[in-house]
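FYI, it's all coordinate maths here, none of it is from the lab. Here the structure is a predicted model, which is why all the values come from computation and not from measurement. Every residue, glycine as well, gets a Cβ built from its backbone with ideal geometry; the counts of neighbours run over all protein chains shown.
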Amino acid sequence: MAETRTIYAGRRRLRGLERGWIAGERLLNRLAGRQAYNPLYHLGTLEIFLLFVLIGTGIYLTIFYRPGSDRAYISVVALSATWLGSLMRGIHRYAADALILVAFLHAFKMLVMDRFWGSRWLAWVTGWLLVMLFWLTGTMGFFLVWDKAGQWLAEYAIDLLGGSFALSFLGPQAAARTFGFFVIILFLHVFIPLVLAVAVLVHEMRLARPRYWAPRWLMVAATAMLAVVALLWPVANEAPADMGQLLGQLRLDWWYLGFLALINRLGNPVFWLLTFVGLGLTLALPWWGRGQHLGPAVVIPPRCTGCGLCARECPFDAISMVTRDDETRFSSLAVVKPHLCTGCGVCVAACNDDAIELAALHAAVVRQDLRRTLRRVSEAGVNPVVVFTCDRHAFMGSLPPLEEARPPAEIPIIPLLPGRLPPRVQQGVWPDAQGQPRPVMTAVLPCMGMLHPSWAAEAIEAGAAGAILLTCPEPDCAYREGPHWTRDRMKRRRTLRRGNTYWVEAAPGSRPEVEVVWRRLTGDETAAVSIAATVVGDRSATPRAGWPARIRHLVPGLAVLLVVFLAAMAFNRPTTVRTPEEARLRVLINHSGQLLAHAQTLPPEVVAKLPPGVDPAAILGAERFPVGLRVEVDGRTVLERLYRPRGLRREGAIYGSEALWLAPGKHTVVIAINDDNTTWRTVFAQTLTLSPGQVVILNYDPIGDGFVTGDW
């Protein structure tokens, strides 16, 4: 017979990655002593908080900012000269870097926890779109500073777009031409975060009760940590942008501007090809990496009373209540939306009438098998402890290995394509503190939210010595709300108030926490205390922690937060711009072009029909000749290109932008143009002396019909 395995455990590569991630979370929980202070459980809400930090500090910086290539850098330097301005700028910069890093960590966590496919595809896709908007907004911010990093951005855009964009930065009156551009960039830098707020709503629109705010301690700690980092390492001012000099070495923020260095090494086509392929595969991951679950949930109409509990408790809004049109006395009927169901089983436990089940795992089967097996072993004088847990805990090793493990007799295996589910109830023994075998039974559910509040009481009534309810931490449940509903239901039924029922909330793989309760249920309280693990569910004997204890709990989480911020800062690295030569010659054209109608030999009958004094172009159209450009350096033609007019009728202006790499020294440069489709005429002939790192800019002057030199 082929080996059977759970769907969760079947995705072994993801489970291997998740095992490593959870090990870090578990270590942090043990160092802190309280998993409530683990920032890794709140990465999504931490992103939202960092976004609001950026908005708040950005408003302050915008008040003192002055747009324009002639004023932007000066206003930034003046702002940084004050302690408050330097603090705000530092918090703004480091929060922007941390935002990208936290977003990547959050996406990785969602990936390894299998929370990206099925009904969660919208959150996955919009999440990556949010990251792209984060990156775009941050990149615009570096442009506004107008230092060497902003110059590199401008040079990349000039080489990519050319034409009128190049003339704005390199032509005469560049300050006046670029003022509007800086205003637009500033507006987008402020406006896009408002769009991000709407995008966050779309990102979480399929969640019944989305969480937007991080815990208060985390928001306070993140703000304080950013302020400390900004005071200790204020943002340094790079040299101002100088379009007349080549870039050498500069400090680059790789989170946002690293693409410039990669393009510089790989080339534009290769970089963007790899980027779009990688991004496309990432966005398509919910479909080509799709998994399976035990759902969708199926409603049994004759049993449904229309109470609406299943719809209210579903974490993903996958159930709606509709008006009934059958002969029952109930007015409403629960209807499952299969494309939104994640197979968690929360709705199964919410229903007191057994009117809803998972398609591939009926709770009634698990329940009956559990009671039948308990009755059989209790008749033999054996009273096992029953452990209820979820797939994550079972796979990650939270439970000690069962000795003599075997499935209870006569348990049917429910078929599930493309394989079969293993028995959900296992029977065996665990050793107590003296090494003596004690009977135990495990019941594994897809999520503890599927556990009905009566199951633990029924197990004890059927002969169990006690029950352990092992859940994931509430903010870390793979189905979001399983621990919440487990605790809520158990408290409502007063099940946890019995001395032989324990609820344990721990990270998957936290075996010591389970052993603490196991020792207590087997009567060895001394051994339980010696393990020194935290049992979150057993809070009755835990005194309220004072401030010294709270600070001790906070220290590991603060350390992780500091590591995240410092890691984000570490990507601000000195970078050398690779150039093929040591000097550059830029040739810019802004030519109105000669009208084609002026040069035509019109037929006499056409001329006779024109009104006196009317320009033929006004009647026959304003199409213009293309402009040809030829550049010779030291007697050798290095460039010959044709530029066509813009516009649908080719009536617009003609723009051109070319860049040539030259060795330092003297060069004879001759430039000729052809704007009537007939004659080439020389419009520039001079000997230029180029210094290492210099950029010489030649602008076409239509009035003087020649190129003029300008060092901008």
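Mean projection of the alpha-carbon convex hull of segment 292-360 over all orientations, in nm²?
Details: hull surface 16.7 nm².
Orientation-averaged projected area of the Cα hull: 4.2 nm².
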| query | Of Val386, Ala355, Ala23, whose Cα points farthest to the positive end of the dipole of the chain (charges on the beta-carbon: +1 Lys, Arg; -1 Asp, Glu; origin at the Cα centre)? | reply | Val386
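Using Cα pairs closer than 8 Å and at least 6 residues apart in sequence, work out the relative contact order for the chain, in percent. Write out the running numbers ahead of the final one.
Values: 1198 pairs, mean separation 100.9, N = 712.
Result for the chain is 14 percent.
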| message | So if I take the centroid of the Cα atoms in segment 41-55 and the same for segment 153-178, what is the distance between those two points in Å? | response | 36
| field | the chain - Rg (one decimal) and Dmax (whole number), Cα, Å | value | 35.1, 121
| Estimated [θ] at 222 nm from DSSP helical runs (n ≥ 4, -39500 (n - 2.57)) normalised by residues in the chain, nearest 500 | -14500 deg cm²/dmol
| query | What are the aspartates and glutamates whose alpha-carbon lies under 12 Å from the alpha-carbon of Lys109, with same-chain residues fewer than 8 places away excluded? | reply | Glu18, Glu25, Asp476
| request: Enumerate by residue number the trypsin sites (Lys or Arg not before Pro) in segment 235-309 meeting two conditions: DSSP loop (anything except H, G, I, E, B), and at most 16 other Cβ atoms within 10 Å of the site's Cβ. | output: Arg290
| Exposed-loop-free span, longest in the chain, where GluC sites (Glu not before Pro) count as exposed if DSSP calls them loop and at most 10 other C-beta atoms lie within 10 Å | 4-326
| task | Could you let me know the centre-to-centre spacing of segment 552-571 and segment 277-292, using Cα atoms, in angstrom? | result | 31
| query | Which aspartates and glutamates have a Cα less than 18 Å from the Cα of Lys337, not counting those fewer than 8 places away in the same chain? | reply | Glu204, Glu313, Asp317, Glu357
